[in-house]
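What follows draws every value from the coordinates through simple rules; no lab data is involved. No experiment lies behind these values; they were computed from the predicted model shown. Ideal geometry is used to build each Cβ from the backbone, glycine not excepted, and the neighbour counts take in all protein chains shown.
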Amino acid sequence: MMRATGQLAVDRAIAELRRGGLIAIRAGRDLDRLAVVAGSEMATRQLMGQMSAIAGSEPRLVLTRNRAALLGSGTDAPAVSVALAGSLDVEAVLDLSDPTRAAAIPAGLTTLPEREDTPAAAAVRLVKLARLLPSALVASAHGISAATMTAWARERALLIVEAGEIDRYAETSAHRLIQAAAAKVPLADAELCELIAFRPMDGGTEHVAIRIGEPKPDAEPVLIRIHSACLTGDLLGSLRCDCGDQLRGAIREIAAAGGGILLYLAQEGRDIGLINKLRAYSLQDLGADTVDANISLGFDDDERVYFPAAEMLRQLGVARVRLMTNNPSKIDQLAACGVEVTERVPHVFESNRHNERYLATKAARSGHMI
């Protein structure tokens with residue numbers, strides 16, 4: 001067994017799931033419940049057979065509440081296990097996990113709610129962190145006591161992750177951000193700029209702070225913009241969103257104000273990742289709006305958290321900000337992280353025929369002030 005503790009175990013588990021491997025999760029007040037877990041979109045016949053052989057039970061598919069509701073299972077439980085009248089084969093797993101496959105719901109489908117404190121529910125939270133589709137294959141390992149789990153896992157070369165560490169991961173990993181490098185980089189709309197790269201210790205993509213002009217955090221609230229990375233909008237000029245306009249507009253406005261900071265966070269697609277964002281786009285092409293597309297995939301409307309933003313500001317010596325945003329959730333989340341937001345600065349741009357529905361949905365369903 002790869003022995004790791006705490007957040008390091010979650011780091012390694014995320015990497016293992018993304019490469020199509022297996023990990024084990026233990027959960028419960030006595031930490032005596034154990035399950036073998038894989039990301040459902042990585043399912044193969046060999047992988048499912050391996051799970052059965054290791055755990056001694058057949059793997060079941062576990063979905064988020066949002067995804068299960070679209071399959072006809074309404075519940076308040078955070079996760080739902082799915083069973084079929086026949087065997088759960090690879091095609092059924094992929095069809096039930098991924099709405100972009102546009103497959104019919106298999107016959108004989110039954111569901112079972114999973115409590116928050118089960119390994120199954122923790123498995124779904126972990127695959128979300130891995131930015132895979134938010135569904136997992138879970139095979140319960142019975143009859144293994146807490147005292148023998150370590151030896152059992154070592155014999156099977158399995159990494160064990162505790163559910164509590166998964167739940168603490170987002171906040172704890174933000175506190176492990178390290179300022180790795182900084183350089184003066186003049187930009188087209190703001191020549192006096194410094195880019196400061198923050199390396200996450202989980203091995204993920206760096207976050208970047210763009211310090212523009214000469215902000216004075218000791219004297220006054222700093223004008224800031226928190227911008228989630230958008231490959232399609234920021235780099236390629238996509239017309240499906242307003243991200244590119246917001247990014248370049250914020251740089252111009254901060255420069256014109258004399259100084260401030262733009263935080264460029266590695267949170268593609270409201271933190272569901274690029275691949276899942278493209279899946280959501282394909283569902284939007286079939287008629288879903290941006291909220292329903294994310295929910296159909298099994299995610300929440302917005303998966304972002306702002307612990308990294310708050311930690312970056314702390315390391316930059318900024319405690320009070322004027323926040324450039326149309327999203328009131330950012331104000332609330334920053335405040336919960338200990339950042340004082342003294343003012344909301346509107347940040348609105350003209351729509352085009354490709355993104356007008358997207359912007360209207362953000363206002364009507366996500367509470368954006370547009």
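Which residue, S135, T172, A157, has the largest displacement toward the positive end of the dipole of region 130-183 when charges sit on each Cβ (Lys, Arg +1; Asp, Glu -1)? So the residue we want is A157. Projecting the Cα atoms of A104, A120, A79 onto the charge dipole of the chain, computed from C-beta unit charges around the Cα centre, puts A120 farthest toward the positive end. Taking other residues whose beta carbon is less than 12 angstrom from the beta carbon of N352, and scoring Lys, Arg as +1 and Asp, Glu as -1, yields -1. Placing +1 on the Cβ of every Lys and Arg and -1 on the Cβ of every Asp and Glu, with no other charges, gives region 193-248 a dipole of roughly 120 debye about its Cα centre.
By the count of other C-beta atoms within 10 Å, a proxy for reagent exposure, S140, S329 are ordered fewest to most as S329, S140.
Can you give the convex hull volume of the alpha carbon atoms of region 153-198 per residue, in Å³? Working shown, then result.
Working: hull volume 6.3 nm³, N = 46.
It is 137 Å³ per residue.
Run the dipole for region 6-172 about the Cα centre, Lys and Arg Cβ at +1, Asp and Glu Cβ at -1, nothing else charged, and hand back the magnitude in debye, nearest 20. Before the final figure, lay out each step's value.
Values: 18 positive and 19 negative charges, 45 e Å.
Result for region 6-172 is approximately 220 debye, rounded to the nearest 20.
Our coupling estimate for region 105-118, obtained by passing each phi through the Karplus curve with A = 6.51, B = -1.76, C = 1.60 and θ = phi - 60°, is 5, x, 6, x, 7, 10, 10, 9, x, 10, 5, 4, 8, 8 Hz, Gly and Pro reported as x.
Only sites in a loop by DSSP and with at most 11 other Cβ atoms within 10 Å count here; which GluC sites (Glu not before Pro) in region 294-356 make the cut? Before the final figure, lay out each step's value.
Details: sites: E303, E311, E340, E343, E350, E356; in loops: E303, E350.
Sites meeting the loop and neighbour criteria: E350.
Normalised by 2.2 N^0.38 Å, where N is the number of residues, the alpha-carbon radius of gyration of the chain equals 1.06. Rounded to 0.05, the FRET efficiency of the D117 and Q46 pair, given R0 = 30 Å and the Cβ-Cβ distance, is 0.45.
Among the GluC sites (Glu not before Pro) found in region 158-233, those both in a DSSP coil and sparsely packed, with 12 or fewer other Cβ atoms within 10 Å of their Cβ, are E191. Extension gain for the segment F349 to H175, taken as residue separation times 0.36 nm less the Cα-Cα distance, is 59.3 nm to one decimal. Restricting the trypsin sites (Lys or Arg not before Pro) of region 57-143 to loop positions (DSSP other than H, G, I, E, B) with no more than 14 neighbouring Cβ atoms within 10 Å leaves R115.
With only Lys, Arg, Asp and Glu charged, each at its Cβ (+1 for the first two, -1 for the last two), find how big the charge dipole of the chain is about the Cα centre; round to the nearest 20 debye. Could the numbers behind the result be given before it?
Details: 41 positive and 46 negative charges, 89 e Å.
Result for the chain is approximately 420 debye, rounded to the nearest 20.
Just for the chain, what percent of DSSP beta bridges are antiparallel, to the closest 5? Write out the running numbers ahead of the final one.
On the way: 43 of 59 bridges.
Once the DSSP bridges in the chain are tallied, antiparallel ones form about 75 percent.
One Cα centroid belongs to region 128-172, the other to region 279-311; the line between them spans 26 Å.
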